[in-house]
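A quick write-up on the structure given underneath.
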Amino acid sequence: MNRGKKIVILSHCIINQNSVVKPYAKNGKDFLPFITWCLSNNIGIIQLPCPETGILGLRRWGHVKDQFENSNFINSSIKYLEPFIDIIQDYLKEEYQILGIFGIKGSPSCGISKTCRADWCGEASSYESINDISSRVKMVDEKGVFMEKFEELLKQKNISIPFIDIDDWRIEND
Ligand code: SF4
């Protein structure tokens with residue numbers, strides 16, 4: 001039987017680094033061991049949309065979680081995620097396994113174990129210097145807004161799937 005009945009769900013940029021805020025794009029080959037592991041084990045891949053590109057476009061500045069904790073970003077995230085909740089429910093009903101939801105450590109949207117926070121707002125020119133701006137950023141042990149909402153939507157349906165930062169994936173997880 002060719003249907004592996006196993007699936008992973010990925011943050012969009014894991015297989016499309018073109019969506020990442022400049023200048024942070026990695027070489028796509030960085031993810032090759034993970035993708036190879038999926039394909040060679042007959043594990044299906046579902047790619048989530050990139051909320052930041054969808055909401056703010058490709059010319060966006062880098063942001064922190066505090067800036068995304070607003071109604072528009074949250075409601076848009078929910079709108080992006082709802083069809084995936086339906087698809088997940090359908091697969092689970094048919095006894096497929098969802099092995100994990102893979103995100104990006106430190107992202108204000110897709111971070112799993114860590115995200116970035118800062119009290120940023122307003123014109124960049126109102127800060128003393130770039131150092132003043134960047135020194136305000138702190139990594140905290142929370143999910144980014146998009147993954148936080150994803151987890152909440154799944155909980156509402158009593159669905160539990162492991163959330164894992166792609167950086168923390170190891171081949172021995174096989
Ligand atoms: S919002 Fe998520 S998918 Fe988009 S670039 Fe950032 S981490 Fe990747």
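Throughout, read-outs are computed from the coordinates displayed, never taken from laboratory work. All values derive from a computational prediction rather than experimental measurement. Positions of Cβ are generated from backbone atoms using ideal geometry, with glycine treated the same way; all protein chains shown enter the neighbour counts.
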Review point. Gaussian network model of the chain, Cα springs within a sub-10 Å range: biggest mean-square fluctuation belongs to which of Thr115, Thr53, Thr36?
Key: Thr36
Study note, to complete from the structure: Expressed in angstrom and rounded, the centroid-to-centroid distance over alpha carbons for the stretch 34-79 and the stretch 96-144 is 13 Å
Exercise for review: Give the shape of the stretch 1-56 as rounded, prolate or oblate, defined through the alpha-carbon gyration tensor: a ≥ b ≥ c are the square roots of its eigenvalues, a/c under 1.5 means rounded, and otherwise the shape is prolate if a/b is larger than b/c and oblate if not.
Suggested key: oblate
Point to revise | Gained length - Asn27 relative to Lys155, 0.36 nm times residue gap less alpha-carbon distance | key: 42.7 nm
Review point. What GluC sites (Glu not before Pro) in the stretch 70-174 are in a loop by DSSP, with at most 15 other Cβ atoms within 10 Å of the Cβ?
Key: Glu94, Glu95, Glu123, Glu128
Practice item. Give the angle, between 0 and 90 degrees and rounded to the nearest 10, that separates the Cα long axis of helix 145-156 from the longest principal axis of the Cα atoms of the chain. Key: 40 degrees
Practice item. Could you pull out every one of the lysines with an alpha carbon less than 29 Å from that of Lys22, ignoring same-chain neighbours closer than 8 positions? Key: Lys65, Lys79, Lys105, Lys114, Lys138, Lys143, Lys149
Exercise for review: Beyond 19 Å, what share of the Cα-Cα pairs of the chain is found? Please give it as a whole percent.
Suggested key: 59 percent
